[in-house]
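Note sheet for the following structure.
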Amino acid sequence: MVGSAFAEAGADLELVGIHKRFPGFTAIEDLDLRIPAGSFFALLGPSGCGKTTTLRLVAGLEQPTSGRILIGGKDVTDVKSFKRPVNTVFQSYALFPHMSVLENVAFGLRRRGISDPVGKAHEALQLVELDHLAARRPQQLSGGQQQRVALARAVVNRPALLLLDEPLGALDLKLRRQMQLELKSIQDDVGLTFLHVTHDQEEAMTMADTVAVMNKGAIEQMGAPEELYELPRTAFVANFLGQSNLFTGPVISSKGESMVVDISGVKIEVPKDRSQRHNGEVTIGVRPEKLSVHSEAPAKAAGVNVLGPGRVTDVSFSGVSTQYLVAVPGLGPITVFSQNMVFGPIANLGAEVWVSWTVDHGFGLADDPGDAPRFASDTNTATIATQTRNELLAEIGEG
Amino acid sequence: MAFAAFGSGGPGAAVDQAPRRRSWVALVLLLPGLAYLALFFLTPFVSLILTSLQTPVEFGDVGQFQQAFKIENYALVVQQYWPHFLRAFGYALAATFFALVISYPLAYFIGVKARPWPLIQALMLTLVIAPFFISFLLRTLAWKALMSDETPVVQALKALSIIPSDGHLTGTAFSVIFGLTYNFIPFMTLPLYTTLERLDTRYLEAGSDLYAAPATTFWRVTVPLSMPGVVSGTLLTFIPAAGDYINASASFLGSAQTQMVGNVIETNFLGLLDYPAASALSVLLMGIILLLVGLYVKRSGTEDLL
């Protein structure tokens, strides 16, 4: 499988009907996935959704219970990990502590008997701008530098497929942004296929060509980042990728290109081609930044949905935008992100406001409203704090 | 003195006083240990060196010596007992090697493979130290009985012509090395277990991910990462094995042909009452072990590991 030559280009990865069961739970349930050669693919999902298991299956560190794995059209399901044309940037980096940075990078080249391993390792270190630290031990480097060494150690082998297991998780925000850009430019340079696993939706959206959102061992939705964001198919995607205001009600009539949904007595229009269901009880949604806040009832206009009057229950200023929480009687609280076009907030706490959005911005979900999880709006600061803490706890638990 | 208090160099006037008091406290705390070392190590050691330079009292009884500076004692014992030195280090080296070969897979199994089953780990560790519950002399004697000429094992070996019909197992280099290996295996297994138990298996996955076959990963990753355990295990085995006099003694697994330095030190001290010779042998044994261990530790470069 592994020749002594570098891969000419990235290879396709295909997962066919993958199941993975561990004693006591099922990590992956019937997963089918095709990643075209040369693309930057992100698997996005919360902790425990099966994304890391998927990566380990591709690397050959775990065996699937059933299903096939194909790399570049060849079935590698039964090929041992050290014979697969795949390299991984591990979440923990896993740099060998008993070797210098240079020897770490040259390790894979030496194992494959590639000529001039030291020269090629130096080149890879130059790519990540760490050649001057080649003689150091990994533990003498900072977290960001170790991460770049781990990247060099994987990229130097020119694998057909590069796997990234939340490699940026341990970095601080600024370094993470910088590394995201570097990773992206390395991918452009070397043209490898990247499979990136992350729970950071922003990271997935800025870096990947295609994002697959995973939940409970299955892919909920897959597509280009803009597509996923603008047109989520399920409540899980709508809330995992950014925030959404979701409403549930029956479809009462059809009006040209749109359908009309009765939300607690208010008629809301949603474009039919942006909705997965067209009759019965449906869940519809709209992104908070698509909403406008008005201090007076806006004039009725075609193609605009209006909710209100409601009361502002929370205002938080975050620089580029202000976040309002509007309680409309009969509906849950509605989140609005409003760009700071004037100085300071345009509505104060307790003010009476109306909320409007263009019909084209609405979307309808595929979930059955009966069993779809009702998401409590997670926009007041206390819930955000709890959520962040839970995420952190989950992360710590995972590590 | 390298107390942390001196290195801290924190700001403020209180710093002037604090380190001095803390170093005084540290000294008081160290005192029992220092006193112990002075009393039970330094004193006997000085006495040993002095004894090794003594000369017999003229027309005195056997075992009567007076203080002198008879450095020839060392040359005499080397001349007389160099085969015992060679045997001691040869046997100890062989026993260390066999103990390592037997202990490494065992420790690897307990420390790495059995990680998902703590009960099995605990059970196997208990089995490793279980022999300590029975006296070491008794166990060695038991082996003497097991290897004596009448046992079925020896009979079978003779029938198969693996050993000649008039041969023995006891009293040979084989039985001595066997005894040493057997007796010191726990000292090898336990330090190996403690390093392998902490071995991060993610490094092994990384090795496999970087095209290293399992055997290559073992030699390039597992072994170097477990070197601290290998070094302490081999030292804990080699040092006492080189000075051992039980296994090689004729009353146990050895014979006159398998005597090690420990045996001749015993004979000189307790049998011949030649205290200077026994002391010179002890000092030499200690010096050689120290030299070998120093070279070994320097070569294996353990301070580089983590």
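Some notes on this structure:
- Working note: 222 nm ellipticity from helices only, DSSP H runs with n ≥ 4, each -39,500 (n - 2.57), summed and divided by the residues of chain B, gives -20000 deg cm²/dmol to the nearest 500.
- Charge dipole (debye, nearest 20) of the stretch A:4-71; +1 at Cβ of Lys and Arg, -1 at Cβ of Asp and Glu: 220
- Cβ-derived FRET efficiency at R0 56 Å, residue B:194 paired with residue A:226, nearest 0.05: 0.55
- For residues of A:55-61, the mean tally of beta carbons on other chains within 10 Å: 2
- Label-to-label distance, residue B:36 versus residue A:278, with points set 7 angstrom from Cα along the beta-carbon direction: 8.7 nm.
- Relative contact order of the stretch A:13-230, defined on C-alpha pairs under 8 angstrom at six or more residues apart (%): 30
- Protection proxy ranking, peptides B:151-161, A:254-264, B:183-193, average beta carbon neighbours within 10 Å, highest first: B:183-193, A:254-264, B:151-161
- Reachable lysines, given that their alpha-carbon falls under 29 Å from the alpha-carbon of residue A:74 and they are not under 8 places away in the same chain: A:20, A:51, A:83, A:120, A:184, A:216
- Shielding score for B:219-226, defined as the mean number of other chain Cβ atoms within 10 Å: 3
- Both chains summed, the buried accessible area for A and B stands near 2100 Å², from protein heavy atoms and a 1.4 Å probe.
- 0 to 90° range, to nearest 10: angle between helix A:143-155 axis and chain A longest Cα axis: 60
- Unit charges on C-beta of K, R, D, E only; dipole of the protein assembly as shown, Debye: 1040
- Farthest towards the positive end of the charge dipole of chain A, among the residues A:96, A:254, A:243, is the Cα of A:96, using unit charges on the Cβ of Lys, Arg, Asp and Glu.
- In the context of the full set of protein chains, chain B has a per residue accessible area of 57 Å² (1.4 Å probe).
- The stretch B:95-219: Rg to Rh, with Rh as the Kirkwood radius over Cα pairs: 1.11
- The residues of the stretch A:13-230 expose on average 37 square angstrom of accessible surface per residue, using a 1.4 Å probe on protein heavy atoms.
- When peptides A:180-191, B:222-233 are ranked by their average number of other Cβ atoms within 10 Å per residue, the highest-first order is B:222-233, A:180-191.
- Top positive-direction residue, dipole computed over chain A with Cβ charges, set A:213, A:323, A:313: A:213
- The HN-Hα couplings worked out from phi for the stretch B:146-152 by the Karplus form 6.51 cos²θ - 1.76 cosθ + 1.60 (θ = phi - 60°) are 5, 9, 5, 4, 7, 6, x Hz, whole numbers, x standing for Gly and Pro.
- Residue by residue along A:92-99, Cβ atoms of other protein chains within 10 Å of the local Cβ number 6 on average.
- Share antiparallel - DSSP beta bridges, the stretch A:13-230, percent rounded to 5: 50
- Rounded to the nearest 10 square angstrom, residue B:245 shows an accessible area of 100 square angstrom against a 1.4 Å probe.
- Inter-part distance where the stretch A:139-153 and the stretch B:61-108 are each reduced to a Cα centre, Å: 49
- Residues within the reach of a label modelled at residue B:46 (point 7 angstrom out along Cα to beta-carbon, backbone nitrogen below 17 Å), restricted to the stretch B:63-102, are B:67-68.
- Whole-Hz ³J(HN,Hα) from phi, Karplus 6.51 cos²θ - 1.76 cosθ + 1.60, for the stretch A:52-64, glycine and proline x: 5, 4, 4, 4, 5, 5, 5, 6, x, 7, 9, 9, x
- Contact with the other protein chains removes 20 Å² or more of accessible area, compared with the isolated chain and a 1.4 Å probe, from these residues of the stretch B:174-204: B:202, B:203.
- Cα shape, the stretch B:84-142, gyration tensor, a/c 1.5 rule: oblate
- Net charge contributed by nearby residues that have their C-beta within less than 11 Å of residue A:175 (K/R +1, D/E -1): +2
- Heavy-atom accessible area order for A:96, B:45, largest first, 1.4 Å probe: B:45, A:96
- Per-residue ³J(HN,Hα) for the stretch A:125-141, Karplus 6.51 cos²θ - 1.76 cosθ + 1.60, θ = phi - 60°, Hz, x for Gly and Pro: 5, 5, 4, 9, 6, 10, 4, 5, 9, 4, 8, 6, 8, x, 6, 8, 9
- Protection proxy ranking of A:274-281, B:174-181, A:155-162, by the mean of other Cβ atoms within 10 Å over each peptide's residues and highest first, is A:155-162, B:174-181, A:274-281.
- Computed over the stretch B:81-304: relative contact order in percent, which uses C-alpha pairs under 8 Å that are six or more apart: 29
- Top of A:323, A:339, A:146 by mean-square fluctuation, Gaussian network on chain A, Cα under 10 Å: A:339
- Computed [θ] at 222 nm, deg cm²/dmol, chain A (DSSP H ≥ 4; -39,500 (n - 2.57); rounded to nearest 500): -7500 deg cm²/dmol
- For the protein assembly as shown, the share of accessible area belonging to carbon and sulfur comes to 62 percent (1.4 Å probe, ligands and nucleic acids excluded).
- The angle between the Cα long axis of helix A:381-398 and the main principal axis of chain A comes to about 20°, on a 0 to 90 degree scale.
The values are calculated or read from the model by the stated rules, or taken from the named source; none is laboratory data. Every value quoted in this text rests on a predicted model; they were computed, and no experiment measured them. Note that each Cβ is placed from the backbone with ideal geometry, even for glycine, and that neighbours are counted across all protein chains shown. Accessible surface areas use protein heavy atoms only, side chains included; no ligands, DNA or RNA. Shrake-Rupley method; radii C 1.70, N 1.55, O 1.52, S 1.80 Å.
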